[in-house]
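Here the structure is laid out as structure tokens; the discussion comes afterwards.
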Amino acid sequence: MKNQNKCYQFKNVQLWKDGISLGFGIFGVVSAVTGILGFSFTGLFKDICMSIIMTIIVVTSSYFVAVCFLWWNVRDRISIKIRGINVTICQGDIFEQNGWKVIGVDDSFTVTEDDSIISHSSLHGKLIKQLKIKKELEMFQNSISEKKLKLSQGDILPYKDFMLFALTHLNDKNEGHVDSMNYETLMRRMWQGIGSMYSGRPIYLPILGDGITRFDGVSEKPSSSQLLKCMLCSLKSSNVQIKSPITIVIYDRINEINFYDVKKFIS
């Protein structure tokens with residue numbers, strides 16, 4: 001897991017812009033309080049130059065306090081509400097979470113240790129590896145085989161505390177593809193599927209499609225932030241009612257996500 005650079009969130013230009021209005025707000029409060037106490041910055045010094053310098057220092061300090069306050073709330077995670085649903089976005093390992101774990105797979109729900117079909121580094125590949133270590137792979141394969149014929153892209157197949165979400169379609173080269181125009185529709189179907197089977201348990205997801213998934217219809221693959229925003233927008237437009245908390249867990253691309261930008265976008 002890549003170490004998170006908490007100072008990365010300072011790179012957001014909007015955060016610094018928003019700090020201006022908040023900083024002047026803080027300065028206004030400080031000025032009001034000093035006025036109530038019977039003194040002002042200009043009255044502290046007989047020298048007008050010193051009074052001006054003091055005022056500039058207080059205004060600048062208020063600005064940086066405001067920026068640090070905004071940064072503090074997004075430094076390593078964000079928590080937002082979408083139609084009353086508590087959503088948290090943070091770094092972590094999805095396999096270590098206690099609740100439903102959504103794993104993106106292909107629409108054939110392939111079960112194989114062949115790295116040319118399922119990358120060992122993908123969450124799908126890591127799940128198969130874990131099942132093999134626990135000697136559950138055959139049981140898992142039998143369980144999948146009984147149900148997968150009735151499912152298609154966008155459906156969810158539960159197994160123990162996992163929700164296997166059919167995100168991609170395998171082509172004749174065993175490459176997982178998803179139509180970029182259909183991605184948000186698939187996300188809405190996923191949220192509806194989760195809503196029908198979560199049974200009050202917490203829900204954990206990765207940024208779906210952020211691995212080796214190939215997106216058709218675009219010249220450049222969507223960034224982690226774009227995919228994350230699309231997932232959140234689809235939750236907002238899905239009208240699904242989920243009472244349990246949802247956590248989007250980012251494993252190793254945490255420093256590519258600008259939390260402040262995401263929070264402003266969805267608010």
> Across region 255-267, what is the number of residues that are in contact (Cβ under 8 Å) with a residue 60 or more places away in the chain and touching a helix residue (DSSP H, G or I) at 6+ places or on another chain (Cβ under 8 Å)?
Replying inline: 9
> For region 68-78, which residues satisfy the criterion of being outside any loop (DSSP other than H, G, I, E, B) and surrounded by 19 or more Cβ atoms within 10 Å (Cβ to Cβ)?
Replying inline: Leu70, Trp71, Ile78
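Per-residue answers, yes or no, for (1) under 12 Å from the mean Cα position of the chain (by Cα); (2) open to solvent by 20 Å² or more (accessible area, probe 1.4 Å):
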position: Arg214; (1), (2): no, yes
position: Gly217; (1), (2): no, yes
position: Gln226; (1), (2): yes, yes
position: Cys233; (1), (2): yes, yes
position: Ser238; (1), (2): no, no
position: Ile246; (1), (2): yes, no
position: Val249; (1), (2): yes, no
position: Arg253; (1), (2): yes, yes
> Only one of these conditions is not met by Gln130: (1) out of contact with any helix residue (DSSP H, G or I) (no Cβ under 9 Å at 6 or more places or on another chain); (2) open to solvent by 40 Å² or more (accessible area, probe 1.4 Å); (3) under 16 Å from Glu113 (Cβ atoms); (4) not acidic (Asp, Glu). Which number is it?
Replying inline: (1)
> Going through region 143-163 one residue at a time, which ones are open to solvent by less than 80 Å² (accessible area, probe 1.4 Å) and over 26 Å from the mean Cα position of the chain (by Cα)?
Replying inline: Ser143, Ile144, Ser145, Lys148, Leu151
> Restricting attention to region 17-30, and to residues there that are crowded, with 16+ Cβ neighbours inside 10 Å and either modelled with pLDDT of 90 or more or among the small types (Gly, Ala, Ser) (or both), which single residue is farthest from Val59 (Cα to Cα)?
Replying inline: Asp18
> Only one residue in Lys101, Lys135, Lys81 is surrounded by fewer than 17 Cβ atoms within 10 Å (Cβ to Cβ) and assigned to a strand (DSSP E or B), so which one is that?
Replying inline: Lys81
> Under the condition of being in contact with a strand residue (DSSP E or B) (Cβ under 8 Å, 6 or more places away or on another chain) and among the aromatic types (Phe, Trp, Tyr), which residue from region 132-163 is farthest from Gly193 (Cα to Cα)?
Replying inline: Phe140
> Can you tell me which residues in region 99-119 are over 19 Å from Ile207 (Cβ atoms) and either free of Cβ contacts under 8 Å to residues at least 60 places away in the same chain or within 18 Å of the chain's Cα centre (by Cα) (or both)?
Replying inline: Phe109, Val111, Thr112, Glu113, Asp114, Asp115, Ser116, Ile117
> Arg201 passes all but one of (1) under 23 Å from Asp93 (Cα atoms); (2) in contact with a Phe, Trp or Tyr (Cβ under 7 Å, 6 or more places away or on another chain); (3) open to solvent by less than 50 Å² (accessible area, probe 1.4 Å); which number fails?
Replying inline: (3)
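The values are calculated or read from the model by the stated rules, or taken from the named source; none is laboratory data. Quick caveat: nothing in here was measured; it's all calculated off a predicted structure. Glycine gets a Cβ as well: all are built from the backbone with ideal geometry, and neighbour counts include every protein chain shown. Protein only, heavy atoms only, side chains kept; ligands, DNA and RNA dropped before computing areas. Shrake-Rupley method; radii C 1.70, N 1.55, O 1.52, S 1.80 Å.
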